[in-house]
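The values are calculated or read from the model by the stated rules, or taken from the named source; none is laboratory data. Values in this document were obtained by computation on a predicted structure and should not be read as measured data. Note: ideal-geometry Cβ built from the backbone for every residue, glycine included; neighbour counts use all protein chains shown. SASA here: full protein model, heavy atoms, side chains in, ligands and nucleic acids out. Shrake-Rupley method; radii C 1.70, N 1.55, O 1.52, S 1.80 Å.
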Amino acid sequence: MLYRFGQFQFDARTRLLYRADERIPLTPKAADLLLVLLQHERQLLGKEELIRLVWPDTFVEDGNLSKHIFFLRKTLEENGESAELIETVPKRGYRFIGPVEHTSGGKVAEVSIEEGTREHVVIEETDDAPPPVRPARRPVLVLACLALVLAGGVAWAIWARSLAGPELRSLLVLPFANPGQHAGNEYLSDGLAEELIAAFSSIKELRVIPRTTAFQFKGKSGDLASIGHRLGVEAVLDGSVQSDGGRLRIRLALTRVRDGKTLWSHSYDRTAQDVFETENEVADSVVRALFPNNRRSVDMAPPTGTRNVEAHNLYLKGNFLRQKFFDSSLVDALALFQKAAQLDPSYAQAWAAQAFCYLEIGHGYQRFPRDVFPMAVQAAQRALHLNPRLALAHVSLGYLNLEFIRDRVAAKRELETAISLDPNDGESHHWMSHYWISLGRFREADTEASRGVECDPLNFSIGAHLAFTKYEEGRFAEAIDAAAATLQLDPLHGPTNWYQMRSYEESGELLAAIGVRRHMGWINPSAEELEAGLRESGAPGFWRVSKESILARRRAHPVRPTEIAWIYAHLGDRERALEWLERAVEERDGWAIYMKVEPPFAAFRSDPRFQRIAATAGLE
């Protein structure tokens, strides 16, 4: 379905927005929100209903919805004074009021034909055990089975001939579709794709696009060749996963990018208990299609680390929540990983995921790091005892050695091990870049950060890290530009906006910094409060408002001591700044490892007290 309104066109299938022939970038959730508003044209949708439709099974605050509405209006060039497309009904909700034309053709016509052809190929080879059917349909079933057997033979012949072709050494696994659109099953379709990505990533001969970049294409049907060319891969695996009444129906196809040829396809109809065998079969078949002439040299880790179906489901649900990166989602995910490990204490992946959750909870100051980091260390060590090849556990232990244990040698060793296990994992390079930043070695940090982006180009957190490296080096204009590049892809990405705001603050562009805060809807302090302080007494007024707000927050919730030290440094209060740096070291605040390069502390670096604090943090 194509929606036309004003000068815009929105393709419901691909979630793409155009102005004439120009594509206008939208974040995935902004596209979902626009589609819901268009589908309910001129209907008033309450905030709770919109949140339920756009963020099913996820806790989202009203502020998140407001930010996405603001972004949509900005994208659709609404001035906010006289809404012509999206109307706000105070205290009730929103509705799309612009005139809309609906057409079934348009920009997706060619893609639809191509996809329809490819889907036909997918179903030509089927599993040997079709689901039971009612007796009344047996004549039809017999004919269907004969057709499928014949078609399966043809598909097998096509696949067999492809084995003689050259090896393919780069792969994109797209997130699998959830045909029933049942939100409760989304964790399964996402989880199976993610586990296959992890399995294929352990093959040293194969470059696999990491999960974060691959999942940017979730819910977007499109030309596989275009997606493959964009990411520089030779093959794409895609399909669907459906769970229904204890049955697991999986349809997959492996497509060669250069000519769109289907190298392998299969349909599985199994019980949910057969998920492990099915994953292994899929992985083995795909590897045979990718490496037809070099089978013996391929060494691949198994897709899953347990044989307990319930534990596996809990792990997949936990991973689904963990990827959302909401504070509450991390806590909920951790509980699911803990239950999975209780059901199967030898489930290494569940232990590694626990370690990462503890690390993120402490690093993000949801809880005091010194309270949760010891549990992160124990979980990571348990995971590596069970499976030394888990890159995620090595990354977690590496960063814990840097932030908590303060053993730089061990930190570097663990991060290097993670990179050797999965050289294409952008996160490993990302965290290695943090290691080099803490040493003030920015050339090495830039190299690792750039390598991380090269491996995982649509991982916005790694893109944000490019801005962070420039910020820490004091190259604020370059940091602002680097942040702007990532914000073109996701204008509401929190870390990127944060680093851009900090860069504006350090360069003295306080009005621009306030603009970022207003754009994101951040409060405590609000943009209005900071503007009032700036009008009253300039920069000191800005930082005074910041100080009062953060100290009030600290009395109610954990807040980074380093963030408080930054503010006192800007107020010229060296004594209080150093006092809060001492607390940062005591609490194992992760940002303390950067104190020797942090721009706000440049004036303190020759102070003997500052040097003692840095030595205590292992920064000699």
Please state the relative contact order of segment 230-368 as a whole percent: Cα pairs under 8 Å, 6+ residues apart? 14
Of K29/K74; K47/K317; K29/K220; K47/K91; K29/K91, pairs whose Cα-Cα distance is over 18 Å: K47/K317; K29/K91
What is the calculated FRET efficiency for E528 to N293, with r their C-beta to C-beta distance and R₀ = 60 Å, to the nearest 0.05? 0.35
At 1.4 Å probe size, what's the solvent-accessible area of K204? Round to the nearest 10 Å². 150
Let me know the whole percent of all Cα-Cα pairs from segment 346-437 that are separated by more than 23 Å. 13
Förster radius 56 Å - calculated FRET efficiency between L511 and K339 (Cβ-Cβ, nearest 0.05): 0.70
State the Cα centre-to-centre distance between segment 244-274 and segment 369-440 in whole Å. 35
Residues of segment 374-417: accessible area per residue at 1.4 Å, in Å²? 42
Averaging sequence separations of C-alpha pairs under 8 Å and six or more residues apart, then dividing by the length of segment 463-574, give the relative contact order as a whole percent. 16
Equivalent-ellipsoid semi-axes (√(5λ), Cα gyration tensor) for segment 491-620, whole Å, largest first? 25, 15, 14
Given contacts defined as C-alpha pairs under 8 Å and at least six residues apart, what's the relative contact order of segment 375-518, whole-number percent? 13
Counting only protein heavy atoms and leaving out ligands, DNA and RNA, the solvent-accessible surface of I51 at a 1.4 Å probe, in Å² to the nearest 10, equals 20
So which lysines pass the test for K470, namely a Cα distance under 28 Å, with those fewer than 8 places away in the same chain ruled out? K67, K324, K412, K547, K596
Count charges around D607 for me, please; just the other residues with Cβ under 11 Å from its Cβ, Lys/Arg as +1, Asp/Glu as -1. +3
For segment 217-290, what value does the Rg/Rh ratio take when both radii are computed over Cα atoms and Rh is the Kirkwood radius, given to two decimals? 1.02
If a/c stays under 1.5 just call it rounded; otherwise compare a/b with b/c (prolate if a/b is bigger, oblate if not). Do that for segment 536-592, with a ≥ b ≥ c from the square roots of the Cα gyration tensor eigenvalues. oblate
Point-to-point label distance, H229-A603, nm (Cα→Cβ direction, 7 Å offset): 5.6
Cross-link partners among lysines for K204, C-alpha distance below 20 Å, same-chain residues fewer than 8 apart left out? none
